[in-house]
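Engineer: Shown below is the structure under consideration.
The values are calculated or read from the model by the stated rules, or taken from the named source; none is laboratory data. Since the structure is predicted, the reported quantities are computational estimates derived from the model, not experimental observations. Here the Cβ is made from the backbone with ideal geometry for all residues, glycine too, and neighbour counts use every protein chain on show. Please note that ligands, DNA and RNA were not included when accessible areas were found on the heavy atoms of the full protein model with its side chains. Shrake-Rupley method; radii C 1.70, N 1.55, O 1.52, S 1.80 Å.
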Amino acid sequence: MAALSDSDPSAIDKIMDNLSFLDYTPDSSEIAQGHEGTSVEDSLREMNWMKLKKDSLATWENTLNDRQKSLDKQQQDVDRKMLVIEQAEVARVTQLAKLYDGMDSRAVARLMANLDDETVVAILPKMKVKNASEVLQLLPAQRAAKLSKQLITIAEK
């Protein structure tokens, strides 16, 4: 293809001819050729089917959104109830620690020897330091070491 130059007066004409295809509008016979065998009724039926599917999907989306809102509300209720339960448990452990603070250390050590580690680790930090240290001293050395290690792990968190 020959290059166009600024001095060529027909350059604009050539450019306009090359761009004329952008203004092309097909006539009805060319449109019909691309859709042979498709009637207007078939096209309308297909459009209606697509509209029904779109409406169905919108309804399904609304249903899912409603379910999500319901699940979110239920999750909030569960979280709120769990918080109440956790607060009540902390209050009971604190009350038990106060009770143990008022008891003889040997009696508390005998009681804690029969409790699981998780319970003991929850109670000891809530006791007065002097009483907790006496109880740990009275427990078997291996158990006291294990409990101490768990107390350190909790303190680091």
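Engineer: How about the stretch 99-121: which of its residues are of a type in the set (D, E, K, R) and farther than 20 Å from SER148 by Cα? Give the derivation first.
Structural biologist: So the first thing to find is which residues in the stretch 99-121 are of a type in the set (D, E, K, R), and the list is 101, 104, 106, 110, 116-118.
Passing the criteria: only ASP104.
Engineer: Considering only residues that are under 37 Å from the mean Cα position of the chain (by Cα) and charged (D, E, K, R), which ones fall in the stretch 90-141?
Structural biologist: If the condition is that a residue be under 37 Å from the mean Cα position of the chain (by Cα) and charged (D, E, K, R), then ARG92, ASP116, ASP117, GLU118, LYS126 are the ones that fit.
Engineer: Suppose we filter the stretch 107-135 for residues that are over 19 Å from VAL90 (Cβ atoms), without any contact (Cβ under 8 Å) to a residue 24 or more places away in the chain and either in contact with a His (Cβ under 9 Å, 6 or more places away or on another chain) or open to solvent by less than 50 Å² (accessible area, probe 1.4 Å) (or both); how many remain?
Structural biologist: 1
Engineer: Looking at ASP42, ASP72, ASP55, ASP79 in this structure, which one is farther than 30 Å from LEU111 by Cα, open to solvent by less than 80 Å² (accessible area, probe 1.4 Å) and modelled with pLDDT of 95 or more?
Structural biologist: Numbers: ASP42 fails: modelled with pLDDT of 95 or more; ASP55 fails: modelled with pLDDT of 95 or more; ASP79 fails: open to solvent by less than 80 Å² (accessible area, probe 1.4 Å).
After ruling out the rest, the residue left standing is ASP72.
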